[in-house]
1. Within the stretch 66-94, which residues are among the charged types (D, E, K, R) and free of Cβ contacts under 8 Å to residues at least 24 places away in the same chain?
2. Among the residues of the stretch 140-165, what is the count of those that are surrounded by fewer than 17 Cβ atoms within 10 Å (Cβ to Cβ), more than 18 Å from residue 305 (Cβ to Cβ) and not acidic (Asp, Glu)?
3. So residue 210 fits all but one of (1) closer than 21 Å to residue 295 by Cβ; (2) at pLDDT below 95; what number is the exception?
4. With open to solvent by less than 30 Å² (accessible area, probe 1.4 Å) and out of contact with any strand residue (DSSP E or B) (no Cβ under 7 Å at 6 or more places or on another chain) as the only criterion, which of 307, 267, 257, 263 stands out?
5. So which residues in the stretch 45-92 are closer than 22 Å to residue 199 by Cβ, small (Gly, Ala, Ser) and part of a strand (DSSP E or B)?
6. Just to verify a result, which residue in the stretch 93-104, among those that are touching a strand residue (DSSP E or B) at 6+ places or on another chain (Cβ under 9 Å) and part of a loop (DSSP other than H, G, I, E, B), is least open to solvent (accessible area, probe 1.4 Å)?
Amino acid sequence: MSKITKLIAIVAATAGVAGVMVTTSNPVSASAATKFRYYKNIKDRTYKVTNKKAVIYSNGKIKHKTGAKLGAYGKYVTGYYSSHVTVNGHKRVYYKFRTGSNHTGWVWSGYLKKTSKNALSTTSTYNPYGNDNSNWGQSDFDRLSKGKRFTMNLSQYRQGFLDTVNAERAKRGIATLKEDAGLNSVAMKRDLESNIDGSHYTSDGQLAAKVEAKAIGINYVKTEAIGMDGVNMISHGLNEDDSIDNSTKLNTVIDSAYNAGKARVLAYIYDDADSDYGHRDSMLNPSYNVVGIGAHSISDNTVASNATILGTK
């Protein structure tokens, strides 16, 4: 049995147990099927590293790994250029970054969390929070979390996700989604797989979620969404130009599994420009009426990973 098969078997065996925590250190990485699309200039911005073991690439074609890990350069980097590629047909964005010690490289944008739009330079010891009252920061998290820290609890994560996505659908007059046990099982498998290969598709071009579903007799899968969030921090809602909106009600203190599920929905709906708002459209599609939610923690409980499967039943 291969390593991935063993990991999937563990998830499948425990998916119905509340409070399950499944961990893996495997980073999402580009495969041999990576195809370069184009470069795009972006505003210099400070990012927090959400996966210390993230793979660094030496150029924007995302073909050569440097052998270094992102966490070796500290907690914060400055992103200043982007490379748009496809991996097995799935669009993905990589950022070129610079560290305080002037090391540079390319890393998947999902492993970088936006901090303040005004922080344009950084070092490995830089504290982007400081006394900047224009932005939420670590001191705000400590104050608002009251000592609480995130621990993955699958049941609570799913509840936070479901409550939030249905509240967002209700705002728009869209019928609620019902949690589906079969889709939950598929979502758990896809969540684990997506941290090894981030593509939505199999090598022969089929939607991976549909393939997994058919294997267990489910034929009502329509689409999937995959994503991840740093935890023990405050998740921001963003303006249309990607600047932080400090008055927004989308800020979520991710100090629990419930709030991690909530933050992921808000990210899918409001912070989805890199996916051309495809995740948002899926979450709010009125023709979908069932959902499966998979989640686990990676990087020693500092990142919450998610796969969501949507269908019509």
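The values are calculated or read from the model by the stated rules, or taken from the named source; none is laboratory data. Keep in mind that what you see is a predicted model, and the values were worked out from it rather than measured. We place every Cβ from the backbone using ideal geometry, glycine too, and count neighbours over all the protein chains shown. Each accessible area value is taken on the protein alone, full model and side chains, heavy atoms only, with ligands, DNA and RNA left out. Shrake-Rupley method; radii C 1.70, N 1.55, O 1.52, S 1.80 Å.
1. Matches in the stretch 66-94: 69 only.
2. Adding up the residues that qualify gives 5.
3. Residue 210 satisfies every listed condition except (2).
4. Result of the check over 307, 267, 257, 263: 257.
5. Of everything in the stretch 45-92, those that are closer than 22 Å to residue 199 by Cβ, small (Gly, Ala, Ser) and part of a strand (DSSP E or B) turn out to be 82, 83.
6. Here the residue is 99.
Matching residues to (1) modelled with pLDDT of 95 or more; (2) of a type in the set (D, E, K, R); (3) surrounded by 15 or more Cβ atoms within 10 Å (Cβ to Cβ):
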| residue | (1), (2), (3) |
| --- | --- |
| 185 | yes, no, yes |
| 188 | yes, no, yes |
| 193 | no, yes, yes |
| 198 | no, no, yes |
| 205 | no, no, no |
| 220 | yes, no, yes |
| 230 | no, no, yes |
| 233 | no, no, yes |
